[in-house]
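First up is the structure itself, then whatever we jot down about it.
The values are calculated or read from the model by the stated rules, or taken from the named source; none is laboratory data. The model shown is predicted, which means the values in this text are computed figures rather than measured ones. Backbone-built Cβ (ideal geometry, glycine too); neighbour counts: all protein chains shown.
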Amino acid sequence: MKKKILGVLLVLLISIPVFSQDAEESYVTDAFLTEVTPAIISVLAGGVGIGVGYEHGFTQNFSALTNLTFVYLNGSFSSVPDGTEYMSFSFELSGRYYPFGNYIEKFFIGLSGIYHYIDYTHGHSKTMNVFEAGVLTGWKFLLNNGSYMFIEPGIGYSYAYGYDADAAGLGMTFDPGGLRLWFSMGWAF
């Protein structure tokens, strides 16, 4: 009889973690994404561009995103004069807050910091290190509930430090700060 009671208690003790799912652990915690916006702008300007990122959810309401972007423009885009080459490597770190929880298919707000390494060539070459600080908001939409594929439109506003178009001497109107629109696609897991 004691062996049966001990056996039942042992089975119950072992099965507690199986039946007590913690709500904090049942959310999607990671996502890989591709920012489509740099590619679209670059193609229109006769160049190339790509943005890739990784987002990690620390809780149901808070996540951090790192994003790397490369843009090379060589064409007649409205803000890039003919004969100008523009190359930028960017690193972004954002903190995102999901006020309604659950990380996927949800509205978010956040703060971002971006570092740009910019190299211009237009008669002469100029290199700049630019820092941006800003606010952002967006929404994740699931494309298919089973696969966790998502799209993410967003908008933000940032202020750039260390960028001066006049000091560059290139006559360019491009400014890394200001209003920022983006569109990303990705996979959460």
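One table, with the values for the structure above:
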read-out: Total residues in segment 73-86, condition touching a Leu at 6+ places or on another chain (Cβ under 8 Å) and modelled with pLDDT of 70 or more; value: 3
read-out: Of the criteria (1) more than 26 Å from Leu111 (Cβ to Cβ); (2) at pLDDT 80 or above, which one Tyr54 fails; value: (1)
read-out: Failed item in (1) under 17 Å from Glu152 (Cβ atoms); (2) modelled with pLDDT of 75 or more; (3) crowded, with 16+ Cβ neighbours inside 10 Å; (4) not acidic (Asp, Glu), with Ser90 passing the rest; value: (1)
